[in-house]
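The values are calculated or read from the model by the stated rules, or taken from the named source; none is laboratory data. Everything quoted here is computed from the prediction, not taken from an experiment. Cβ: placed from backbone, ideal geometry, glycine included. Neighbour counts: every protein chain shown.
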């Protein structure tokens with residue numbers, strides 16, 4: 001019951017500093033190299049990617065294990081394919097077993 005509140009609080013902590021940046025990010029156009037270079041917004045982007053993937057799959061669950069798996073995949077894929085887009089990295093995410 002408290003987990004949603006914890007996740008909302010964590011998201012607020014990650015996003016609060018971003019409000020002062022006032023920069024727009026078009027993840028459909030972002031390359032993996034840009035994703036890896038922008039350490040200040042990595043958590044926000046991972047949350048966005050999770051939401052995007054949840055909308056596609058209709059799976060609205062979230063877990064620490066899933067977020068770690070997603071973050072690991074994005075880091076590894078983007079490290080190996082810096083010129084590919086974030087959307088390519090999302091499409092290459094292995095299916096849940």
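Things to note:
- Selection count, segment 57-85, where residues are within 14 Å of residue 27 (Cβ to Cβ) and more than 14 Å from the chain's Cα centre (by Cα): 1
- Flag if residue 95 is in a helix (DSSP H, G or I), surrounded by fewer than 15 Cβ atoms within 10 Å (Cβ to Cβ) and more than 13 Å from the chain's Cα centre (by Cα): no
- Matching option when the condition is under 14 Å from the mean Cα position of the chain (by Cα), modelled with pLDDT of 85 or more and exposed (fewer than 14 other Cβ atoms within 10 Å of the Cβ), among 43, 28: 28
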